[in-house]
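Reading through the structure tokens given below for one structure.
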Amino acid sequence: MIHVDHVSHAYTPSGPPVLDDVALDITRGAVTALVGPNGAGKSTLLAAVSRLLGPDHGRVVVDGVDVARAPDREVARVLAVLRQDTRLSARLTVVDLVRFGRFPHSGGRLTTADHEVVAASLAHVGMADLRDRYLDELSGGQRQRAFIAMVLAQETPYVLLDEPLNNLDMEHAASVMRVLRTAADDLGRTVVVVLHDVNMAAAWADDVVGMRDGRVVARGRPAEVLRTDVLREVFGIEIPVVTVDGSPVALHWLPRAGRHPMGVGQRY
Ligand SMILES: Nc1ncnc2c1ncn2[C@@H]1O[C@H](COP(=O)(O)OP(=O)(O)O)[C@@H](O)[C@H]1O
Ligand SMILES: [Mg+2]
């Protein structure tokens, strides 16, 4: 379990809290989507969980390991993170990228078992045929799947991803979500993914967590969070929700959607 224990953080001593007493438990085996407006604190929360940031108050405990106090290698064995700004040399092949995922295990000298994990990770994301391509010879969706293969190759129980669907078209975005879904269902990984689109979250995640102003303001199954009243709490605007084939769909693109209840006329 990921246990976020009353975590607060401000980037500047006099500034507003970017995380404001966040308490959140994420159980094993599920796909949890983190949603909320820009600046809600989603990336900062992911950074605190993955120890890229030491929060001012509170702590994060993952399977009994206090991530702020544990040695690097111990944290690397439980958590793998794909950050939003993945910039790596384009003159790197897919398979070389995925081999990086084994470094916490092998320290650079890959064993036969490491190579097998690399191959299995490539197969899982459907990139086995493209293993020798350079990253700059791939489409955005293929490149994102290669990065996900690298993260899966770390064989950590927990996988955290920050907006992995950015700049992907509909088909590629769905293929990335399918990879994450099967990582949970078939490989037993616990997936925490920051998503921009609440409908993507509802369609693929087991649990949806809504953040606003550094706080968790909504949490539940997709149908419990994709409601006009709950989305108003998260995004501060009016979003109609309809049901299609039994699933909730937020109509945030409608011209009439996005108007603030006070008539400010903000758009989502
Ligand atoms: N390194 C930083 N220094 C100062 N402020 C930051 C830094 N990173 C993020 N912030 C601020 O913290 C708030 C939350 O940011 P972030 O966690 O990136 O939100 P989200 O991922 O939900 O868009 C924003 O107001 C942002 O401007
Ligand atoms: Mg962010």
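The criterion of being modelled with pLDDT of 95 or more, part of a loop (DSSP other than H, G, I, E, B) and at negative phi does not hold for Asp85. The residues listed here are Val81, Val49, Val18; of these, the one that is in contact with a Gly (Cβ under 8 Å, 6 or more places away or on another chain), assigned by TED's automatic domain parsing to the domain that holds Val194 and within 16 Å of ligand 2 (Cβ to nearest atom) is Val18. If the condition is being under 22 Å from Ser50 (Cβ atoms), touching a residue at least 12 places away in the same chain (Cβ under 8 Å) and surrounded by 15 or more Cβ atoms within 10 Å (Cβ to Cβ), then the range 87-117 contributes Leu97, Val98, Arg99, Phe100, Gly101, Arg102, Pro104, His105, Val117.
Of the helices (runs of 4 or more DSSP H) entirely within the range 172-268, those holding at least 2 residues that are closer than 30 Å to Leu122 by Cβ and of a type outside the set (Phe, Trp, Tyr) occupy 198-204. Of these, Ala40, Ala30, Ala23, which one is within 12 Å of ligand 1 (Cβ to nearest atom) and not basic (Lys, Arg)? Going through Ala40, Ala30, Ala23 in turn, the sole match is Ala40. Collect the residues in the range 89-147 that are among the acidic types (Asp, Glu) and not in a loop (DSSP other than H, G, I, E, B), keeping them in residue-number order. Passing the criteria: Asp96, Asp114, Glu116, Asp129, Asp136, Glu137. The residues on offer are Arg133, Arg178, and the sole one that is without any contact (Cβ under 8 Å) to a residue 40 or more places away in the chain and among the basic types (Lys, Arg) is Arg178. Would a scan of the range 133-145 turn up a residue that is at pLDDT 95 or above and either open to solvent by less than 60 Å² (accessible area, probe 1.4 Å) or among the hydrophobic types (A, V, I, L, M, F, W, C) (or both)? No, that holds for no residue.
All of Ala184, Ala223, Ala205 fail the test of being hydrophobic (A, V, I, L, M, F, W, C) and more than 13 Å from Thr32 (Cβ to Cβ), apart from Ala223.
The values are calculated or read from the model by the stated rules, or taken from the named source; none is laboratory data. As the structure is a prediction and not an experimental result, all values here were calculated from the model. Using ideal geometry, Cβ is built from the backbone for each residue, glycine included, and neighbour counts are taken over all protein chains shown. Surface areas here come from the heavy atoms of the whole protein model, side chains and all, with no ligands, DNA or RNA. Shrake-Rupley method; radii C 1.70, N 1.55, O 1.52, S 1.80 Å.
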